[in-house]
Structure formats: structure tokens, C-alpha cells
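Encoded as C-alpha cells, the structure appears first; notes follow it.
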Amino acid sequence: MNELEDSIETILKTGMYPRLFSEKLQIIPNIKEVYESALAFYESQILSDDELLRNGAYFSRIEGSATNHYLMCAGDPVKVPDYASSRLKSFFERGIFRTGYATHGLFPYRGKFHPQMVKALLNIMGLKPGQTVLDPMMGSGTLLVEASLMGINSIGSDPSPFCSFMTKVKLNALTLDLAPLQQALKNFRNLFEYFSELIGASIPGKKQKFKTSIKINATIEEKLRSLDSDQIRAFLDSVGSGKGEIYDFLLLAYLDSVGYSERSSRKAPIEQFRNILERYIFVTAKIQKTIKEKNIPLANAKSIRGDSRNIPLVDDSVDGILFSPPYSFSIDYLKNDDFHLRAMGCDVSDLKRCMIGLRGKGLREKYELYVQDMESTMSECSRVLRRGRYCTVIIGTNDSQLSKALGVPKNKVVGLHKMLIDLASNYNLVPVRVLPRQISGMANTMRVEYIVIFRLA
């Protein structure tokens, strides 16, 4: 074997990761995409060993010691019922280090962040415990949960009351008393009957309107006045009157089960509710165990209803911004959340007028308003961000819709990330890195989104 052949063989046997990372760093399992390897490399260069142990996203061990992220994810994956499809089971198994940990699995909100990616980006942006990060389009609150676990204070804003509700439940679940939840699971039939009577029962495979609406922030006593059920009254009394956090947790599980029943008729709605409640309790207990054993201090997280075009914060007040705007008008979030928003008594038509990507009538008008709204958002981000700090935006492009809206061939469509970069340049936001990321589960809408990291000059 000559010298060249020997060199090739050595390179091939060694592989890529030992050349990217030192021997003391053990990469997390299931890294398959280029952007993940890139984020892991940046983490290894930016964080100290202690920081990687506490908050690293893409490493399982540092000099033999397990990272907090690995401990949060390791063990049994999220519980799914036996009748669940092999595709669903495989999704949770593959996503154990990406999405299926902490309280991120409470409610499968469409288009949400990948928590592991969010964790890495917070690290790469240089955010440290005690500093503050903003998500002006928080959706289901992924960033707030992740930042809280990392010791980073966070503020999340969204015009949707259901998004605020989801976020609050996920944050509260990090410290929620587990005993009442276990009791609730034993009484799932009574709970199901209670919520069905109060809100409306789900019809398998079919959408429906509500019998009534509920107030999310109402106390248990107020809810009980609308229902004459000795069984459920006794149960909720045993939980403890006025414990709104427990009630909200159970309510989110019920709303989740209704949405699932609308999409699938494989199991009776009451069985859907039991299985979803069981999964909620499982993930809550799992993350609480890690928090307690590793003595992880949770940071402050504040969820507010608001508009990204008019962020209710003073100038130069946050240390970082991370968000994912609507993919133009490719996803109608209000249509997806219609059941839940109406359950909360929300005027969907009124809410639509302030949702970025949904304003306007025709495709052309929707696009033009989207660009205007995103420019206002980037202007606000520049205003509230401290100089020299980073703003990261994750955005995809729906080529088919934009092609129709702009009247140009699909291969001539300019990606929304490029439009965003042009807009941001007007507000001293300079792009320092653009990473493409493949999208799974949305092949008919878009295949690639871009991670764009700006620095405020």
C-alpha cells in the first residue's frame, strides 16, 4: 500500500466527527443532517466544557460526564398507545433528542420549533444564564421552555390566546404537583364526561362547533357552577379548589384529544383522552426528575399577548432574539386552532386581522402585507435588541404560492430569507451566517427553511 492509499484509508476509518471535535466530546446520537453537525461544531467552539455539560444541545458526554440534555432525553421515549401508527412511534423514537423531551411534547402544535435546535442557537448567540431572550412570535412557547431550563430569562409574545395558554401550561408543568395528575388519570372517565359536557364532545373524524365557550383563566369553582356532576365535583375538590394550573393541564390534554379525534377515528375519543393524558403525565414526571436530580435552576419566563410589529418593550432591553415567522401564508394557524380558539370564546375573524401572513384577500395582497409586516417586525427587533447582540430568524419559502402571487416561474422565486435579509439591512441587522435546514412533514408546502443569524451593528 502506497502513502496516498494509506492516507485515504486512515481518513475513511477515522471518520468526520473525530476531526471536528476533541476526544473528550461525545456527540449525541441520531445526528443526521448537515445543519446539526454545523450547530454542534459551533457549540464546541463557543462554549466551555462546563457550559456544554449544563446547556449543550448536541453532546451526550463531556469527558465521560453525561450532559443535562442527554439526561433530559435518555430513557424511555414518549409513551404512545399500542394502536398508534408505526410512523408515529418511529417519529417519537427518532425525535427523542430533538423534540421529544421536557414539556415540549404537550400538544403537537403545527410548525413549531425543534427544541434541540433552539437550545443550540441560544448557545451560539452567546446567551448566558441571567440574560434575557425574546421570541416575538412564540407560538407554542418552545423557546420559553428551553430558555427556562437553561437559566436564561425569556419573554414570549403572540396575538393568539391559545398560544399563550399552551405556553403557560408547558411552563407550569416544569414544577407542577404530580400527585393530582396521577389521581386525574385514575378518574379519566369522569374528567372526560366533565369536559365533554362543558365544552362539547368530539366526533371521530369530523370537525364540529362548540356547545359553549370557556374562560381559560376562570377558577375551578366558576367552572363547576355550569355543571351539576357530583362525581366530577368531588374529584376536583380532591385536587384542591382554586388550583388553576392543574385544571389548565387537564384542559389542554382534553383539547389535544379532541383535535386528535377529529383527525383519526381509530379509537374512541375517551381512549384518545386517556392515552394523551398518560403521555402528558409521563413527560412531565420525566423532566421534573432530571430537574430535581441535577438541581437545575429554572429562569424566569414571561408569556404575553402581543404583536411583533409593536413589541411592548423599551429600547435596548433584550440580549437576544430568536423566532420563526409564519411561512408567508402557507399555513393558516387560525384554521388549525379553530376548535381551541372558539372553545376559549375568541373571535377568530377579529384575530385574523392582526395575524402576520393571514391579512389580505388575494395571494398578491397577502404577500405585500406579509412583507410590510415583516419589515415592521425587523424594525422592532432592532429597536429592543442591545447593540452587538444577535437576532436569529428561521424562515422557509413556499415556492408554489409565491410563484402564483408574484406571477413568476417557481425557479425565479426569491426566497423569503433573502427578502428578510434585505429588509433587516435597513435596521442595522447584518447577516453573519445562513444555514439551510431540511423540513420534514411539509413536503407539499416547502422542503427547506433557513436559519439566518443577524448581528445588530
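Below are the figures for this structure:
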| item | result |
| --- | --- |
| Residue list for the range 388-433, restricted to those being part of a helix (DSSP H, G or I), closer than 23 Å to PRO312 by Cβ and open to solvent by less than 10 Å² (accessible area, probe 1.4 Å) | LEU420, ALA424 |
| Filter pass, LEU429 being touching a residue at least 12 places away in the same chain (Cβ under 8 Å) and in contact with a strand residue (DSSP E or B) (Cβ under 8 Å, 6 or more places away or on another chain) | yes |
| Search result, residues across the range 24-57 that are closer than 21 Å to GLY151 by Cα and open to solvent by 60 Å² or more (accessible area, probe 1.4 Å) | GLN45, ILE46, ASP50, ARG54 |
| Residue in the range 21-37 that is farthest from GLU449 (Cα to Cα), counting only those that are within 20 Å of the chain's Cα centre (by Cα) and not in a loop (DSSP other than H, G, I, E, B) | GLU36 |
| Lone unmet requirement of (1) in contact with a strand residue (DSSP E or B) (Cβ under 7 Å, 6 or more places away or on another chain); (2) of a type outside the set (S, T, N, Q); (3) on the phi > 0 side of the Ramachandran plot for GLY345 | (1) |
| Test: residue in the range 306-327 that is of a type in the set (A, V, I, L, M, F, W, C) and either modelled with pLDDT under 90 or in a helix (DSSP H, G or I) (or both) | no |
| Selected residue [modelled with pLDDT under 95, on the phi > 0 side of the Ramachandran plot and not in a helix (DSSP H, G or I)] from GLY130, GLY126, GLY111 | GLY111 |
| Tally, over the range 106-150, of residues that are buried (at least 24 other Cβ atoms within 10 Å of the Cβ) and of a type in the set (Phe, Trp, Tyr) | 1 |
| Qualifying helices (runs of 4 or more DSSP H) (wholly inside the range 337-387; at least 1 residues being surrounded by fewer than 18 Cβ atoms within 10 Å (Cβ to Cβ) and aliphatic (A, V, I, L, M)) | 348-352, 363-384 |
| Qualifying residue in the range 264-277 (condition: among the aliphatic types (A, V, I, L, M), closer than 25 Å to LYS186 by Cα, more than 19 Å from the chain's Cα centre (by Cα) and not in a helix (DSSP H, G or I)) | yes |
| Verdict on PRO436 being surrounded by fewer than 18 Cβ atoms within 10 Å (Cβ to Cβ) and either free of Cβ contacts under 8 Å to residues at least 24 places away in the same chain or hydrophobic (A, V, I, L, M, F, W, C) (or both) | no |
| Which listed residue is in contact (Cβ under 8 Å) with a residue 60 or more places away in the chain and buried (at least 24 other Cβ atoms within 10 Å of the Cβ), from ASP177, ASP158 | ASP158 |
| Residue in the range 61-78 that is at pLDDT below 75, more than 27 Å from LYS128 (Cβ to Cβ) and surrounded by 17 or more Cβ atoms within 10 Å (Cβ to Cβ) present | yes |
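Listed here are the residues, each with its yes/no results for (1) in a loop (DSSP other than H, G, I, E, B); (2) at pLDDT 95 or above.
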| position | (1), (2) |
| --- | --- |
| THR212 | yes, no |
| GLU222 | no, no |
| ALA234 | no, no |
| GLY242 | yes, no |
| TYR254 | no, no |
| SER261 | no, no |
| ILE287 | no, yes |
| LYS292 | no, yes |
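The values are calculated or read from the model by the stated rules, or taken from the named source; none is laboratory data. Please read these numbers as outputs of a predicted model, since none were measured by experiment. For neighbour counting, all protein chains shown are included, and Cβ atoms are generated from backbone atoms with ideal geometry for every residue, glycine included. For accessibility, only protein heavy atoms count, side chains too; no ligands or nucleic acids. Shrake-Rupley method; radii C 1.70, N 1.55, O 1.52, S 1.80 Å.
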